[in-house]
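Read the structure below first, then the notes.
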Amino acid sequence: MTEGSPYSNATFDYMSNLTPQLSQFLASFCDSVDFFLVNLEIYVVDTVEHLILGLICYILLCVTLYMCIAQLGLLGFTEDMRHAKRILFITAHPDDEVMFFGPTIFHYTQKPNCIVFLMCMSSGKNYGMDKVRTNELYESCKILGIKEENVFVHNNSNLPDAMDVRWPLEVIAKHVLYTVEAFNITNIVTFDRYGVSGHQNHSSIYYAVAHLILDEELPKTCRVFVLESVNIIRKYGLILDIPISYIMSRFRYMKGFSQRRTLYLAMQEHKSQLVWFRMLYVFFSRYMIINTLQQVNSVDIELDLIEMDD
């Protein structure tokens, strides 16, 4: 029998010695993985439990605040605009007055020394329903408490109802300035630059009013406020947005169950617009119970105009 090569014997001896070490290493590695996974599972379970508990506590806080503020009147939430005697709400389309500005409009129509005006910059003509939607707007405003003679609906071919169309600012500015001067408006309320939903028609109104402010064409006694846009989580958080709105906003309006029903009835007048996704919006959007406003200043406007040019 031929003796094996010394190299083969050495390799065999080395592998024989290595096998126990490798087995020990693998066993140790598996134990470490098992330990890590067990602790990870414990950590995840504890974290989820704490998150659920925190969410439940936050929901209970929001419900309690809502009951105390809107139903029982034990806490103050609403902060009014100063010198709000003659307020002009500027919207882009019929149904904006309910879907976005409802709580604020309803608040001021209930004040005896305040006159509310509404100017809607389009009538929905691009859908061939301008007369229908205009009549729906008048009926909605009647429920909200705005007199028919104080509602102005524009039907201008330069202001089409289209999501991606930016309206000419000079056309909007002309209508706004005329109405402000003709009716001695003390406060303007309209969209901010994001327009709540990112709608270009909404944003165009803001930029038109912004130019009027920078050019000092509005009367000095006329103050401008914009409806704050929020992220999508807050937008559909309903009463869960109460603490955040209270902390982050100065001018706030919130309505209780009975007032929210009034807003719902006003929205029902827009029968041509009652598709399923709008109904979901009506039930879940915070704008149906909460409005937060920001007073416009020239510094913010200049920054917004720079971003628009970019």
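Only a single criterion out of (1) open to solvent by 60 Å² or more (accessible area, probe 1.4 Å); (2) in contact (Cβ under 8 Å) with a residue 24 or more places away in the chain is not satisfied by Asn297, namely (2).
Filter the stretch 20-38 down to residues that are of a type in the set (S, T, N, Q) and open to solvent by less than 70 Å² (accessible area, probe 1.4 Å) and give me whichever is modelled with the lowest pLDDT.
Initial filter on the stretch 20-38 (of a type in the set (S, T, N, Q)): 21, 23-24, 28, 32.
Now drop any that are not open to solvent by less than 70 Å² (accessible area, probe 1.4 Å), which leaves 23, 28, 32.
On the way: Ser23: 71, Ser28: 77, Ser32: 79.
Filtering the stretch 20-38 for residues that are of a type in the set (S, T, N, Q) and open to solvent by less than 70 Å² (accessible area, probe 1.4 Å), the one modelled with the lowest pLDDT comes out as Ser23.
If you go through the stretch 41-92 and keep only what is loosely packed, with under 13 Cβ neighbours inside 10 Å and of a type in the set (D, E, K, R), you end up with Glu41, Asp46, Glu49, Arg82. Is there a residue in the stretch 190-212 that is polar (S, T, N, Q) and touching a Gly at 6+ places or on another chain (Cβ under 8 Å)? Checking the stretch 190-212: at least one residue is polar (S, T, N, Q) and touching a Gly at 6+ places or on another chain (Cβ under 8 Å).
In the stretch 226-254, of all residues being open to solvent by less than 20 Å² (accessible area, probe 1.4 Å) and polar (S, T, N, Q), the one that is farthest from Tyr281 (Cα to Cα) corresponds to Ser249.
Looking at this structure, is Ser258 open to solvent by 10 Å² or more (accessible area, probe 1.4 Å), more than 22 Å from Asp192 (Cβ to Cβ), hydroxyl-bearing (Ser, Thr, Tyr) and free of Cβ contacts under 8 Å to residues at least 40 places away in the same chain?
Numbers: open to solvent by 10 Å² or more (accessible area, probe 1.4 Å): yes; more than 22 Å from Asp192 (Cβ to Cβ): yes; hydroxyl-bearing (Ser, Thr, Tyr): yes; free of Cβ contacts under 8 Å to residues at least 40 places away in the same chain: yes.
Against the criterion (open to solvent by 10 Å² or more (accessible area, probe 1.4 Å), more than 22 Å from Asp192 (Cβ to Cβ), hydroxyl-bearing (Ser, Thr, Tyr) and free of Cβ contacts under 8 Å to residues at least 40 places away in the same chain), Ser258 qualifies.
The set of residues in the stretch 267-295 being within 12 Å of the chain's Cα centre (by Cα) and more than 17 Å from Ile143 (Cα to Cα) consists of Tyr281, Phe284, Ser285, Arg286, Tyr287, Ile290, Asn291, Thr292, Leu293.
Just one of the numbered conditions (1) polar (S, T, N, Q); (2) more than 18 Å from Val226 (Cα to Cα); (3) in a loop (DSSP other than H, G, I, E, B) is not true of Thr78: (2).
Checked against the criterion of being touching a His at 6+ places or on another chain (Cβ under 6 Å) and outside any strand (DSSP E or B), the stretch 43-50 has no qualifying residue.
The values are calculated or read from the model by the stated rules, or taken from the named source; none is laboratory data. Worth saying up front: this structure is predicted, and the values here are computed from it rather than measured. As a convention, Cβ positions derive from the backbone with ideal geometry for all residues, glycine included, and neighbour counts pool all protein chains shown. Note: accessible area is taken over every heavy atom of the protein model, side chains too, but ligands, DNA and RNA are not part of it. Shrake-Rupley method; radii C 1.70, N 1.55, O 1.52, S 1.80 Å.
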